[in-house]
1. Could you please report the charge total around LEU172, scoring K, R as +1 and D, E as -1 over all other residues with beta-carbon less than 12 angstrom from its beta-carbon?
2. Regarding the stretch 54-145, what is the average projected area of its C-alpha convex hull, in nm²?
3. In the stretch 468-602, what % of DSSP beta bridges are antiparallel (nearest 5)?
4. Taking θ = phi - 60°, what integer Hz values does the Karplus form 6.51 cos²θ - 1.76 cosθ + 1.60 yield along the stretch 433-442, in sequence order, with x for Gly and Pro?
5. Distance between the C-alpha centers of the stretch 85-134 and the stretch 156-229? Whole Å please.
6. Going down the list LYS471/LYS625; LYS464/LYS594; LYS281/LYS317; LYS368/LYS620; LYS317/LYS407; LYS25/LYS594, which pairs span over 24 Å between their C-alpha atoms?
7. Which of the peptides 314-321, 597-604, 556-563 is most tightly packed, and how do the rest follow, judged by the mean count of other Cβ atoms within 10 Å per residue?
8. Applying a 10 Å radius around every beta-carbon, put 584-590, 507-513, 235-241 in order of their mean neighbour count, most first.
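Here, each number is a calculation from the coordinates, and none is a lab measurement. These numbers were taken from a predicted model, which means no experiment stands behind them. Positions of Cβ are generated from backbone atoms using ideal geometry, with glycine treated the same way; all protein chains shown enter the neighbour counts.
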Amino acid sequence: MVRLMINGRSVEVPEGASVLEAARKAGVYVPALCYHPNLEPAGTCRLCLVDILRNNPSRGKKVASCATPAAEGMVVLTNTPELKDHVRSQIAMQRYRHPDRCQTCAANGQCEFQDLVGRYDVPPPPFVKPRVKPSLEKDGRAHANDRTSPALDLDFEMCVLCLRCVRACSELQGMDILGVVARGNEEVVAPVYNLDMKETECISCGACVASCPVAAITEKDALQDVQDLLENNIDYARLEEQELVPPQEEVSQSTKNTVSAGPVQFGEDDALEKKLNDLRKYVSVVQTAPAVRITISEAFGLPPGATTPGQLVTVLKMLGFDYVFDTNFTADLTILEEGNELLQRIANGGPFPMFTSCCPGWINMVEKVYPDLIPHVSSCKSPQQMFGSIAKSYFAQKIGRHPSEVKVVSIMPCVAKKDEASRENFRTEAGGRDVDYVLTTRELARLIKMHRPKISFQTLPDSKYDSPLGKSSGAALLFGTTGGVMEAALRTAYAVTAPPGGGSMPRLNFEEVRGLNGIREATVDLHGTALQVAIAHQGSNLRELVDKIRAGTAPPYHFVEMMACRGGCIGGAGNPKDAVDTELLQKRFAAVYKGDADLPLRTSHENSEILQLYDDFLGKPLGHKSHELLHTHYTA
Ligand code: HC1
Ligand code: SF4
């Protein structure tokens, strides 16, 4: 540990911590835009400059506190009049390039640049000259945005050049899709080689989105579509046909008199509600991913897991969804399908390893970077897509609606799920897209705040998920964290491989696959069969593990779980993004395991609604109907 003094406050930090981190620990505010707890320090925004009066490594000069290690005995000043002037002039320079669109901006109220402008009271410039992507030979125009990705949008005007996205893509994900294009006043962050996003190998993981302090890179907005679904769901063209619209002259007459003078009065005609209900174009169905119930609370200033899944259901009902179902239900279904696929591969001798298929960032990586691995990836659709298929077939049938009349919305902690839902092979002629709209957890929080600005989430009553796609196990909840799909599969594999007649204790906890190390491996004894497994999370670790497997230097794994975000879905790029450091990730992680331990049902194969689904509709795992609805293929 080293002890130093910052603005007169004494603080102790571990060796290697930066002066900036020491200041934050001491409760001293230091402005910064390029700093992010998960990235290597860059020192480029120059906002975090400090004076070091004693033990200054650069002999009296001001230093970037994010890139300067704290040292024993340092005496630091962060807020002198000179430093304040410096910060104000840096922000004023950025403000000259930043459009004044705060009220309609996706980051409004959550924007680090907006916070700085407010905090330092920087007035608007006389005029604004926003950044644009310089002219391209393709069409000879300068571009203000790139909306060609299926998952995210780039708005070059908004960029504050902190380069956090560039570093996240490279350092965390090992992808190097983004870079600084052009120089000087023309400088802008964009896909390298002047490509459009859709032409790159971008895997839609959203690490760039999660690290952006403003709204220069955002998830593709689905809020307007979902609001339209919830609020504008009447087939107005059929109003007249149903004799619910008075002739034009009667309308004007009725408005001249009293509201109740119209030909149809609410409450007086029981058939009216039914008629109006029949005019509703769609039944709206929403599914909530495992990680969402853990992290949604953070958007309301609460710790992870502080609100209950039942409160999440209540708020979704308040927003107007007809049915609130659970992606955890189809996570259980995935275990039955994927588990059987693994057993089938064991019986047939491979191909091994079999990789999980639920993370769309990973699937994109396979298709774009490692197409030779395609035969190794499980053919199971992700739980999100299995849900869409089942909702538009089994459930639509149950409620007597055509698949096209059921609209499916997902709430996901993930940016790449938007990309996944838009894939061509995840749609049918009858029902259109299996999943119509995907909202990130952040977008859901915005939707809730727009419609219920004063909501006290934590005090809402609990509601139950609807049936029959709402029951789930603790194993399904584990999907939300790295190692969780593996542990859920192991619980079921352990149970189904038990010798006939019992005799062995059920096993629920597989500590050997838990943790936050980037790559983990274990050998699990399934009643005499040794199953070799591995788990990786975060793009750079996926690449490291794949390189070893392809080079033949990895052990002969049977089953490998891959998640593109650090921590798995609880670290997904669609979660609330304030200060997602290791400490917060560990709290989310603990909330998942507590949620699992508290549930009465812990294993997927014991989920009675899943068993019912097989009995009533699917037949058996890997059966004909399963193949049609729950499995897919990948293309290079
Ligand atoms: Fe995930 Fe999954 S766990 S991918 O991490 O398999 O997004 O939460 O919904 O589909 O179930 C994400 C989370 C999620 C799927 C499931
Ligand atoms: Fe890079 Fe992921 Fe962003 Fe694509 S989505 S640019 S791969 S960080």
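1. On the way: positive: ARG164, ARG167, ARG543, ARG566; negative: GLU40, GLU171, ASP176.
Charge balance near LEU172 sits at +1.
2. Quarter of the Cα hull surface area: 9.5 nm².
3. Details: 8 of 13 bridges.
Approximately 60 percent, going by the DSSP bridge assignments.
4. Here the 3J(HN,Hα) series is 5, 5, 10, 6, 9, 10, 10, 6, 4, 4 Hz.
5. 18 Å
6. Working: LYS471/LYS625 21 Å; LYS464/LYS594 19 Å; LYS281/LYS317 18 Å; LYS368/LYS620 33 Å; LYS317/LYS407 15 Å; LYS25/LYS594 28 Å.
Cα-Cα > 24 Å for LYS368/LYS620; LYS25/LYS594; rest within.
7. Values: 314-321: 19.1, 597-604: 15.8, 556-563: 23.2.
Top to bottom by mean Cβ count within 10 Å: 556-563, 314-321, 597-604.
8. On the way: 584-590: 19.1, 507-513: 16.3, 235-241: 11.7.
The densest-packed peptide leads the list: 584-590, 507-513, 235-241.
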